[in-house]
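These notes concern the structure reproduced below.
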Amino acid sequence: MIYKRSSALFVEAEQVIPGGVNSPVRAFKAVGGTPIFVKEAKGAYLYDEDGNTLIDYIASWGPMILGHAHEPVINAVIEKAKKGTSFGMPTEIETKIAELAVSMVPNIDKIRFVNSGTEACMSAVRLARGYTKKEKIIKFAGCYHGHSDSFLIQAGSGAVTFGSPNSPGVTKGTAKDTLLATYNDLDNVKALIEANKDEIACIILEPVAGNMGCIPPKPGFLEGLRMLCDTNNILLVFDEVMTGFRLAKGGAQELLGIDADIVCFGKVIGGGLPVGAFAARNEIMNHLAPLGPVYQAGTLSGNPLAMAAGLAMLKELNSDDVFESLNKKTQYLHEGLARVLKANNVNHTINRLGSMISVHFCEEEVVDFETSAKGNNDTFKKFFHGMLNEGVYIAPSAFESWFLNDALSYEDLDKTIEACDKVSKTL
Ligand SMILES: *Cc1c(COP(=O)(O)O)cnc(C)c1O
C-alpha cells in the first residue's frame, strides 16, 4: 500500500499540532510508521487520502457500532443543523434522549449529558465524593477513565500506599487521593479498603476492561466489589464509556447482572459526535447542581447536534437483535483468528466479550495489566503493519481492543482471517 499523501499531510500537521495529532494514540508511536489520514468512511470501510480502502476494526474507538455514516444518524444531524447548532437553553431533544437512555439502562433514574468520556468520569467521581463526603478513590491499573488528573496515576511504592502521578502536571496532592488496585484481584481491593478505612468514596472501573486489551472480569470479581462497596459505604462506579450500548442495550450492568451506583457513558451514546454522560438513581443524582451542592456544568452540554446523533443511534440500538448479530460476528472472527494463528504456530491468547476482542502475543492467560504487558510487542508491531498492508485496520497499540461494527459482513471477516493467516506466516 502507498501512504504518500498521508505522510505529506502528517508532516504538515506536525508543524502546527503537537505530534501532528489531537489525541496521542493516533500517532502510531507504539507501532512505528506514519499515521493514516482518513478522507471518508462508509459502513465497515475507511477510505484514506491515498485511495486505499481499509476494513475498520476500531470504529472510531467504539462509537461507530453500526458502521460509518449510518443513514439515520447522519440524517438526524443534518436536519437538526438546519435549525441552529447551539442555544445554551433547554431543548426537548435532551429529555427525549434522557428518557430513552434511562429506559434502556438498568438501575438509573436520571442522566446528565456532557461532552466527552473524560468529563463523564471526572464528574462521576466528584459526585461520588460529594455524596459520600469522603475523598479517596480506588482505580485499577490498566483501566482508562479519560485524562483528568485523578486518573493519571500509577502504582506508588508498595501496593497499599498512595499512588503517584504518571504524567507531569498531575500534583502529588491529587495523586495521594487515588489508590491503585490490580484488576480481577479482590483481595488487593480488600487490603486497600482496610488500610484506608472510611476514607474511600468510590471504586471506579471498566466492568469489562477495554483499554489493556479486552479483559473480562473473572467470575465473582464484580459481585465481590459490589459487596465490598455495600459493606463499606462506598459507591461502585462503572465506567461504561466503552461497554455502554455496546455489550448490550443496558451495557455491562445488564449483560453481567451487576448494579452499579453511578454509570459513565461516552462513545456510542453520541453516535460519533462528542458526547459523554453519567447517570445514577435519584438519591445520588439529586446531589448535582442546580438541585444539590455538587457543581457540574457545560456550555455545549446537551448540544442539539450531539443529542440528535445520540438519540438516532440509541433508537437503532433499542433491540437485542443488533447485539446478537455483533456477538455472532465477533465469535466467528475469534474462531477464525484462533484457527489460523494456531495453524501457523504463533503464541497467542485471544480475549473476547461480546463485540470487544483482543489478540495478545503471549501464551499465558491475560487477566490484568501486568499479564497484558507480557505480550510480545515486536510481534504485535509486525502483525499490525502486516494486517494494514492487507487492508485491515486494527488499533495501533497492543493495549487496545478491536471494536466490531455491525456493518462488517462475513465476507469482510473471512478476508480478515485470511489476512491474519498470511501475516502469521511472517511472524
Ligand atoms: C474512551 C474512554 C474514556 C474517555 O473518553 P473520551 O471521550 O476520550 O474523553 C473513558 N473511559 C473509557 C473506558 C474509555 O474507553
task: Rounding to the nearest 20 debye, state how big the charge dipole of region 1-117 is about its Cα centre with +1 on each Lys and Arg Cβ and -1 on each Asp and Glu Cβ.
output: 120 debye
message: If you average the C-alpha positions of region 52-97 and of region 202-229 separately, how far apart do those two centres end up, in angstrom?
response: 30 Å
- prompt: Which of the trypsin sites (Lys or Arg not before Pro) across region 8-113 are loop residues per DSSP, with 11 or fewer other Cβ within 10 Å?
  reply: 82, 83
- prompt: Please identify the GluC sites (Glu not before Pro) of region 352-407 that satisfy two criteria: DSSP loop assignment and at most 14 other Cβ atoms within 10 Å. Which are they?
  reply: 363, 364, 365
field: Nearest-0.05 FRET efficiency for residue 86 and residue 365, computed from C-beta distance (R0 35 Å)
entry: 0.15
message: Under the 0.36 nm per residue contour assumption, what length would be gained going from the current alpha-carbon distance of residue 21 and residue 34 to full extension?
response: 3.6 nm
message: Restricting to Cα atoms and excluding each atom paired with itself, what does the Kirkwood estimate give for the chain in Å?
response: 22.2 Å
query: For residue 425 and residue 2 in one chain, what is 0.36 nm times their gap in residues minus the Cα-Cα distance, to one decimal in nm?
result: 150.0 nm
query: Magnitude of the Cβ-charge dipole of the chain, K/R +1 and D/E -1, about the Cα centre, nearest 20 debye?
result: 680 debye
field: Charge dipole of the chain about the Cα centre (unit charges at C-beta), most positive-ward option of 327, 292, 257
entry: 292
field: Expected 222 nm ellipticity per residue - DSSP helices of 4 or more, -39500 (n - 2.57), all of the chain, to 500
entry: -11500 deg cm²/dmol
query: Using the Cβ atoms and a cut-off under 12 Å, what net charge is assigned to the surroundings of residue 294, where Lys and Arg are +1 and Asp and Glu are -1?
result: +4
task: Can you list which of the GluC sites (Glu not before Pro) found in region 84-163 are DSSP loop residues with at most 16 other C-beta atoms within 10 Å?
output: 135
- request: Determine the sum of side-chain charges near residue 175: Lys and Arg each +1, Asp and Glu each -1, restricted to other residues whose C-beta is under 12 angstrom from that of residue 175.
  value: +2
- request: Count the DSSP beta bridges whose two residues both fall in the chain, then state the antiparallel fraction as a percent rounded to the nearest 5.
  value: 60 percent
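Every number in this text was worked out from the coordinates using simple rules, so none of it is lab data. Keep in mind the model is a prediction, meaning the values are calculated, not measured. Glycine gets a Cβ as well: all are built from the backbone with ideal geometry, and neighbour counts include every protein chain shown.
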